[in-house]
1. Which one is most open to solvent (accessible area, probe 1.4 Å), of the residues in the range 158-169 that are touching a helix residue (DSSP H, G or I) at 6+ places or on another chain (Cβ under 7 Å) and within 19 Å of SER56 (Cα to Cα)?
2. Need the failing condition index for LEU87 against (1) farther than 27 Å from VAL16 by Cβ; (2) out of contact with any helix residue (DSSP H, G or I) (no Cβ under 8 Å at 6 or more places or on another chain); (3) of a type in the set (A, V, I, L, M, F, W, C), just the number.
3. Using beta carbons and a limit of 6 Å, which pairs, at least six apart or on different chains, have the first residue in the range 153-169 and without any contact (Cβ under 8 Å) to a residue 12 or more places away in the chain and within 18 Å of ILE202 (Cα to Cα) and the second one open to solvent by 20 Å² or more (accessible area, probe 1.4 Å) and of a type in the set (Lys, Arg)?
4. Of all residues in the range 109-129, how many are at pLDDT 95 or above and in contact with a His (Cβ under 7 Å, 6 or more places away or on another chain)?
5. How many residues does the range 291-330 contain that are open to solvent by less than 30 Å² (accessible area, probe 1.4 Å) and assigned to a loop (DSSP other than H, G, I, E, B)?
6. Output the number of residues of the range 95-135 satisfying the condition of being free of Cβ contacts under 8 Å to residues at least 12 places away in the same chain and under 25 Å from the mean Cα position of the chain (by Cα).
7. Quick test of your reading of the structure: ASN286 fulfils all but one of (1) farther than 30 Å from SER174 by Cβ; (2) in contact with a strand residue (DSSP E or B) (Cβ under 9 Å, 6 or more places away or on another chain). Name the failing condition by number.
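The values are calculated or read from the model by the stated rules, or taken from the named source; none is laboratory data. Quick caveat: nothing in here was measured; it's all calculated off a predicted structure. Neighbour counts run over all protein chains shown; Cβ positions are idealised from the backbone, glycine included. To get the accessible areas, we keep the full protein, side chains included, count just its heavy atoms, and leave off ligands, DNA and RNA. Shrake-Rupley method; radii C 1.70, N 1.55, O 1.52, S 1.80 Å.
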Amino acid sequence: MKYRSTYEAAATVSEVVEKHFSRHIGAANDSGEQGVAPLPDRKSIESMIDAAFWASLRREEGHSPKISLAYLPPDKAMGALIFQHALPLTPTLLTKIAPGVERAGIHLGIWKFEDELMIWGTTQIIPNFCFVLDVSEPALLVIKHRRISGFGKFTNVAVLKGDQVKVVDERIASLPDSPPLVKSLLDQAGVSSWNDPTNVLIQLAVSMRAHGRGGSLIVVDAASASWSDSVIKPMQYALDPAFCGLGKLIRQQAGNVSELYWISALQREVEHLSGLTAVDGATLINSNFQLLAFGSKLGRAQGKPLVGDVALIEPVVGGEQVVVHPGKIGGTRHFSVAQFVNDEHHALGLVASQDGHFTVFTWSDTQQRVLAHRIDTLLL
């Protein structure tokens, strides 16, 4: 008996998702890209979402499933673990197998055999633009794909939370003053290597959000010291000299050491630095990724105006820009970082909330105001 879809949001989003993958996979094939994933059809997308959603609400030995499904045939996966007999794609099977495949980077391979979706095994290597569906927590699903460059975080396409559906709007990247971090998360700016500065910032943002305690990270211009005017003195956790662990690492040449080693080393430095953002107050680094201080209290620089309304935008369909008081975005942490960017126009502010929201603050020369990009949808 074939599995029947009953999760309404799956049918709602499947057509939009199919068009997204059709557009990107078609463009990649037309440009001669190698190793491009097969195109998922609408019905397969709907069925995978439905099965994953109902599985996410179940528990196996007291634990909720955290799994990742990838739509591809076994012969498109390198070094795959292949079952002798493919298993039917049902919530029951997904729940049972989840404990063995919940570690990051492991995907359950899903493919259509004789017009029925089956679980054929697991893989850690998937082709470019491969349709991936992650179960992050009960009732929270993220649709994403591997970047064409192969570096950095996967690109999110849509997020489903119960009956709420958020589809990522790539057009946000083309707006004036859209920061490189947002453009890269929307896959509209290439990340050329593991130590690309934008990729490092994305890794820091993901790690900040993951520790769940909330925090703020401010990146200031390495060529200027004016940022100190917006910090309350004395700074309890100021560093002298600045800590150069992350900055030194990303400037090193790979040499004879494998890229896997450098990526692992980068992850350790990222986790070290992002962990400090959990301390009350702001963590400050410069544009060379040198750590200047953490746990710092921010204040308005003398002679600088009080921050006014900011432009808030979320890169999802229907998330048009609105102009609001910074206090409407979050609490004291959001207001103080907005004020800092209002003082220091070259600064970049990252703010993670305990509830999972994540906001990037930058200055807009076009609008002559602070921009606030709500990007938690892109970081899941």
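1. If we take residues in the range 158-169 being touching a helix residue (DSSP H, G or I) at 6+ places or on another chain (Cβ under 7 Å) and within 19 Å of SER56 (Cα to Cα), then ASP163 is most open to solvent (accessible area, probe 1.4 Å).
2. Of the numbered conditions (1) farther than 27 Å from VAL16 by Cβ; (2) out of contact with any helix residue (DSSP H, G or I) (no Cβ under 8 Å at 6 or more places or on another chain); (3) of a type in the set (A, V, I, L, M, F, W, C), the odd one out for LEU87 is (2).
3. Hits for this filter: zero, empty list.
4. Result for the range 109-129: 2.
5. 7
6. Matching residues across the range 95-135 total 3.
7. Going through the list (1) farther than 30 Å from SER174 by Cβ; (2) in contact with a strand residue (DSSP E or B) (Cβ under 9 Å, 6 or more places away or on another chain), ASN286 breaks only (1).
Residue by residue, here is whether (1) assigned to a helix (DSSP H, G or I); (2) at positive phi; (3) open to solvent by 30 Å² or more (accessible area, probe 1.4 Å) holds:
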| site | (1), (2), (3) |
| --- | --- |
| ILE148 | no, no, yes |
| ALA173 | yes, no, no |
| ASN199 | yes, no, no |
| ILE202 | yes, no, no |
| VAL206 | yes, no, yes |
| SER224 | no, no, yes |
